[in-house]
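To start, the structure under review is shown below, and the notes come after it.
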Amino acid sequence: MTIDIKKNVQWCGKIDWELRNFHGEELSTPRGSSYNSYLIRDEKNVIIDTVHGAFADEYIEQLQRMIDLNEISYVVVNHAEPDHSGALPKLMEHCKNATIICTNAGMKSIKGYYHKDWKMMPVKTGDIVKIGTRNLVFVEMAMIHWPDSMMTYLTNDNILFSNDAFGQHYANAKMFSSKSDKAVLLDEALQYYANIVAPYSQKVAKKIAEILTLSLPIDYICPSHGVMWDENITEIVELYDKWAKSYLEDKVTIIYDSMYQSTRKMAEAIAEGIADILPDFELNIYNAAKTEKSRIVTEIFASKLVLAGSPTVHNGVLSSVAAVLGEIAGFGLKGKKAASFGSYGWSPVGIKILNEKFEKAGFELINEGAKALWNPDDDVLAEMREYGRNLAENIK
Ligand code: FEO
């Protein structure tokens, strides 16, 4: 499958309908994904990024139906993570006359993965490569999200090949934002940002400001995953700018895990109290052991208040809740408040452990947490409702 974007610019990637996990088993991709590669034809022909190595053979066969690969002058590697460079070794076997264009850091990561002496041309922000009637302009994006990351801009056609930025893990045969379900698309874009880009938000805000100062006209943003943005381009750029700046919605997220339902009952009672005071806030409760971690991380990313609950077990907390708080510890999230809760039998250390994890992740703790001995009765559940009301008053 290929898709015409503009005259002499085609999408030539691979939609991965089966993908359900990414970064090993770390991220959930319930809607699949795509590995976007692009062919630009001019006096010098260019391929922008490749596909996952699992699809290398069919990718090469598809390209061979499109063009004689001996006529490829440049292969731009915007980022060498193997989901985009996996097919590079097979591609370079066929592109005998091609030079790889990448950042200096890209030269190291490409060599580190593939140990080949391909011809490479390092570029930095503002460098221009003339390919005929049009130019390629490069913008480094170090640490968004690897040291080697960069974007490539195609003049005249005004296309920004943004690599991972503005991507979504969203398999969609229509492949353009204008033809996609808007709510699904923006949800997938947010989920992608929250789970992959958010740890680098400070750099994202600066980079967007830098790109805007270049005043490049942009008709299309073509990322390396998911659909291409072909209308209201500023909307996704503005969303990225918003997400990069301590993003908070009127939203509360409660995560918990439970052994014998005591902590679950606490979660639900606390939620009732919060809803009494904040009826217009979105309020979600997730059992962390039964919910995709990527979905929970996305909800936390957008929440003003996050609660975590676990019974005390083996002088610790249940692993599903610990895993979520461990995942977000390095995200540098700002402006969010938090509180803990949990049942116990003889040692109420669980909430202390949860509090430590929240503090390590940069959350402001509202209080020391709520605990319930054994199985909470009606009086204790009434206290939990009051606890929820007090938390809600704090963020009202
Ligand atoms: Fe889609 Fe960072 O690779």
For region 3-243, the dipole about the Cα centre with charges only on Cβ (Lys and Arg +1, Asp and Glu -1), to the nearest 20 debye, works out at 500
Value of [θ]222 nm, deg cm²/dmol, for the chain, DSSP H segments ≥ 4, -39500 (n - 2.57) each, nearest 500: -10000 deg cm²/dmol
Just how large is the dipole of region 269-396 about the Cα centre, in debye to the nearest 20, putting +1 at every Lys and Arg Cβ and -1 at every Asp and Glu Cβ? 540
If you restrict to DSSP beta bridges whose two residues both lie in region 3-243, what percentage is antiparallel, to the nearest 5? 65
Work out which GluC sites (Glu not before Pro) in the chain are exposed loop sites (DSSP not H, G, I, E or B, at most 10 other Cβ within 10 Å) and give the longest gap free of them. 44-396
In square angstrom, what is the accessible area per residue of the chain with a 1.4 angstrom probe? 42
Viscosity 1.002 mPa s, temperature 20 °C: what is the translational diffusion coefficient of region 251-395 from Stokes-Einstein with a Kirkwood Rh over Cα pairs, rounded to a whole number of µm²/s? 147
Considering every pair of different Cα atoms, what Kirkwood radius, in Å, is found for the chain? 22.6
Quick one: check the C-alpha center-to-center distance for region 197-254 versus region 260-333, whole angstrom. 27
What whole number of Å gives the distance from the Cα centroid of region 108-138 to the Cα centroid of region 14-79? 17
Given H placed 1.01 Å from N in the peptide plane, which residues other than close sequence neighbours of SER34 have an amide H under 5 Å from its amide H? ASP16, TYR170, GLY226
Name the residue farthest towards the positive end of the dipole of the chain from the options LEU318, ILE3, THR125, assuming +1 on Cβ of Lys and Arg, -1 on Cβ of Asp and Glu, about the Cα centre. THR125
Of all accessible surface on region 1-76 at a 1.4 Å probe, what whole percent is carbon and sulfur? 42
Between the modelled labels at ASP57 and ASN394 (7 Å from Cα along Cα→Cβ) the distance in nm is 5.8
Looking at the chain as a GNM with Cα springs under 10 Å, which of TRP243, TRP17, TRP346 has the largest mean-square fluctuation? TRP346
Find how much the distance from THR213 to PHE176 grows on full extension, using 0.36 nm per residue of separation minus their present alpha carbon separation; answer in nm with one decimal. 10.7 nm
Top of MET228, MET107, MET150 by mean-square fluctuation, Gaussian network on the chain, Cα under 10 Å: MET107
Charges at C-beta only: +1 for Lys and Arg, -1 for Asp and Glu. How large is the resulting dipole of region 106-264 about its Cα centre, in Debye rounded to 20? 540
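The values are calculated or read from the model by the stated rules, or taken from the named source; none is laboratory data. Small disclaimer: the values here were computed from a predicted structure and weren't measured. Glycine also receives a Cβ, built like all others from the backbone with ideal geometry; neighbour counts cover every protein chain displayed. Quick note on the areas: whole protein, heavy atoms, side chains included, nothing else; ligands and nucleic acids left out. Shrake-Rupley method; radii C 1.70, N 1.55, O 1.52, S 1.80 Å.
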